[in-house]
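Read the structure below first, then the notes.
Any read-out appearing in this document is the output of simple, stated calculations on the displayed coordinates, not a laboratory observation. These numbers were taken from a predicted model, which means no experiment stands behind them. A quick note on method: Cβ atoms are made from the backbone with ideal geometry, for glycine too, and the neighbour counts reach across all protein chains shown.
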Amino acid sequence: MADYEYKKIGGLTYSVPIDPKPRKKAPPLVVVMNESCTSCSGSPACMQECPVDCIHLVYDEDRPVRVYVDNEVCIGCMNCLSRDVRPKDVNKGDVDENIRRINSTDLFQKAGICPWDAIEIQKFDEGVERSGEFYAQPLKAEPDPEPESAR
């Protein structure tokens, strides 16, 4: 696991890796969190399944409220979504129909990782756009101004 630091952005505090390792190319699919995310009371199951540390906690007043997926690091492996669903399954045949079917499938039928079914598959560009609407990507946010005492 990576080492983390905290960044305050727009009233929320994001836990972000100190040295993220961006992937070499964008995957065709990414996962996004929906409004059902509760961060599993601070110990998200999806975070533990991620092989590239792209899932991070978001805090509100020192309490984890949800997680975000860093689209700069996500490789689209879908480990956080399910133990059964893999990118190769989504890319067979009609991709849009497969995405719709998997996103609407019952949590227990797809052997989902998230107890709240808060994780969805999206095509890369649509997923990044949807993530941007749900929460700001902290690694792209403007840094806080330097305190006067440090000048």
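Would you mind ranking Phe124, Phe108 by Cβ crowding within 10 Å, fewest neighbours first?
On the way: Phe124 15, Phe108 8.
In order of increasing Cβ crowding within 10 Å: Phe108, Phe124.
Protection proxy ranking for 25-33, 81-89, 66-74, using the average of other Cβ atoms within 10 Å per residue and placing the highest first: 66-74, 25-33, 81-89. For the residue pairs Lys7/Lys123; Lys88/Lys123; Lys92/Lys123; Lys25/Lys88; Lys21/Lys92; Lys8/Lys123, alpha carbon separations beyond 25 Å are given by Lys7/Lys123; Lys21/Lys92; Lys8/Lys123. Separation of the range 14-74 from the range 95-132 is 15 Å, based on Cα centroids. Beyond 17 Å, the tail of the calculated P(r) for the range 1-76 holds 43 percent of the Cα pairs. Each of Arg101 and Lys21 was given a label point 7 Å from its Cα along the Cα-to-Cβ line. The distance between the two points is 3.5 nm. Between Asp62 and Lys8, the modelled label-to-label distance comes to 1.3 nm, taking each label 7 Å out from Cα in the direction of the beta carbon.
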